[in-house]
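Here is the structure we will look at.
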Amino acid sequence: MRGIHHVTAISGRPTRNLDFYARTLGLRFVKKTVNFDDPGTYHFYYGDEAGSPGTILTFFPWEHASSGRGGLGLAQTTAFCVPAASIGYWTHRLIEKGVKHEALTKRFGEPVLSFFDPDGMSLALVGISGTEAEAAWSTGEIPAQHAIRGFHGVTLMLDAAAPTGAILTDVLGFTEAGREGPHVRYRANDGIGGVVDIREARGFLAGRMGRGSVHHVAFRAADAAEQAEMARKLVKSHGVHPTEQKDRQYFRSVYFREPGGVLFEIATDLPGFTIDEPLANLGQNLKLPPFLEPRRKELEAVLPSLELVS
Ligand code: ZN
């Protein structure tokens, strides 16, 4: 299976991020850990019940990060799949929760409800018929029938679609699926996390990464062998040199800057989030990779408290 593995973004205050994604949107908080490259700060993972590839949205909550600005070289919008019949439910819920949103539109024939998280991150719910049959995580507050199923996809804002499109199609398992206005759609599968839209905005201002921005988009590789093959193809056919493989505890990753400027990652499906805690307890306790476990006391002392005000 190909497509999006996870999307990682930058947020502000950790409790506000947790409240919005776990409560307002009803995603499962599947892992509370630290940023392995900056372990005094959190790394939050949200997803479906198991944090399956294609459902994982992760955040680096940096309370004092300055605001990002959309533009060329950044992912512009991250979209989730909901059943087509649930768009009305979500419109009502966004109004009720005071979430900034826009009027319902259509893209490629699908209803799109655009909205923003508390840090200004651009999000959307896309109504897809047939997804109501797929299993969903329910928080109790949001009935399973209306719950978010995972990613629909991401929209990248780029100067030109072709160079990035070549990597999506040649290396990452996507095919070009159509054009509508400034958007070129690429599709890896018909299910969760299968879509990348490139919005061509030639000559537009470059984006500035910050609070509310997507940091990188990760694509799926079944295992290390497939990932190595994709990395070889990047070098051989596209002159793009990915990093060496990094152990991210829940998957293995390589990173590269695609020609349009967006940071891409290729992440393995395995081992997944149950490697260090059982499925029933995901997200409840602070999990650290073995190399940081000796520093647990020190890290717990500096990480902000996550007590939510109810
Ligand atoms: Zn990542």
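Here, each number is a calculation from the coordinates, and none is a lab measurement. For clarity, every value in this text was computed on a predicted model and none was experimentally measured. With ideal geometry, Cβ positions are generated from the backbone for all residues, glycine too; neighbour counts draw on all protein chains shown.
Measuring against 28 Å, Cα to Cα, the residue pairs K246/K287; K32/K106; K31/K297 contain K32/K106 as the ones spanning a longer distance. Each of I87, I148 was scored by other Cβ atoms within 10 Å of its Cβ. Arranged with the fewest first, they read I87, I148. Taking every DSSP beta bridge that has both ends in segment 163-271, the antiparallel portion is near 75%.
Shown for S66, S11, S52: other C-beta atoms within 10 Å of each C-beta, ranked fewest to most, produce the order S66, S52, S11.
What is the order of E200, E141, fewest Cβ neighbours within 10 Å to most? Could the numbers behind the result be given before it?
Details: E200 19, E141 9.
Result, fewest neighbours first: E141, E200.
With the cut-off at 13 Å, report for segment 189-241 the share of all Cα pairs above it, as a whole percent.
On the way: 1055 of 1378 pairs.
Roughly 77 percent, rounded to a whole number.
Our coupling estimate for segment 69-85, obtained by passing each phi through the Karplus curve with A = 6.51, B = -1.76, C = 1.60 and θ = phi - 60°, is 9, x, x, 4, x, 10, 6, 8, 9, 10, 10, 9, 8, 10, x, 4, 6 Hz, Gly and Pro reported as x. For G3, the residues whose modelled amide H falls within less than 5 Å of its own, excluding neighbours fewer than 5 places apart on the same chain, are R220. Once the chain from E307 to E176 is taken as fully extended at 0.36 nm per residue, the excess over their C-alpha distance is 42.6 nm. Once backbone amide H atoms are built at 1.01 Å from N, F174 has T169 as its partners under 5 Å, excluding neighbours fewer than 5 places away on the same chain. Near the amide H of A9, within less than 5 Å, lie the amide hydrogens of T58, F59, F60, H215, all on another chain or at least 5 residues away, with H placed in the peptide plane.
With Cα atoms as the point set, the chain shows a radius of gyration and Dmax of 18.4, 54 Å. Summarising the strand pairing of the chain, around 65 percent of its internal DSSP beta bridges are antiparallel.
Taking label points 7 Å from Cα along the Cα-to-Cβ direction, L270 and E134 give a separation of 2.3 nm.
What does the extension gain come out to for A224 and A160, with contour length at 0.36 nm per residue minus their alpha carbon separation?
Values: separation 64, 0.36 × 64 = 23.04 nm, distance 3.08 nm.
Working it through step by step, the gained length comes to 20.0 nm.
Evaluating 6.51 cos²θ - 1.76 cosθ + 1.60 at θ = phi - 60° for every residue in segment 16-33, the Karplus couplings come out as 5, 5, 4, 4, 5, 7, 7, 9, 5, 8, x, 6, 7, 7, 9, 7, 10, 9 Hz, glycine and proline recorded as x. Backbone geometry of segment 257-269 corresponds, through the Karplus equation with coefficients 6.51, -1.76 and 1.60 at θ = phi - 60°, to 3J(HN,Hα) couplings of 8, 6, x, x, x, 7, 6, 10, 9, 10, 10, 7, 5 Hz, x marking Gly and Pro. Extension gain for the segment Y255 to H92, taken as residue separation times 0.36 nm less the Cα-Cα distance, is 54.8 nm to one decimal.
Give the peptides 67-76, 179-188, 223-232, 289-298 in descending order of average Cβ contacts within 10 Å, highest first. Before the final figure, lay out each step's value.
Values: 67-76: 19.5, 179-188: 17.1, 223-232: 15.4, 289-298: 11.4.
Highest mean packing first, the order is 67-76, 179-188, 223-232, 289-298.
I need the P(r) histogram for segment 1-148: all alpha carbon pairs, bin width 5 Å from 0 out to the longest distance, whole percents. Bin by bin from 0 Å, the calculated values are 2, 9, 18, 23, 22, 15, 7, 3, 0.
Distance between the pseudo-spin-label points of A85 and L104 (7 Å out from Cα toward the beta carbon): 1.4 nm.
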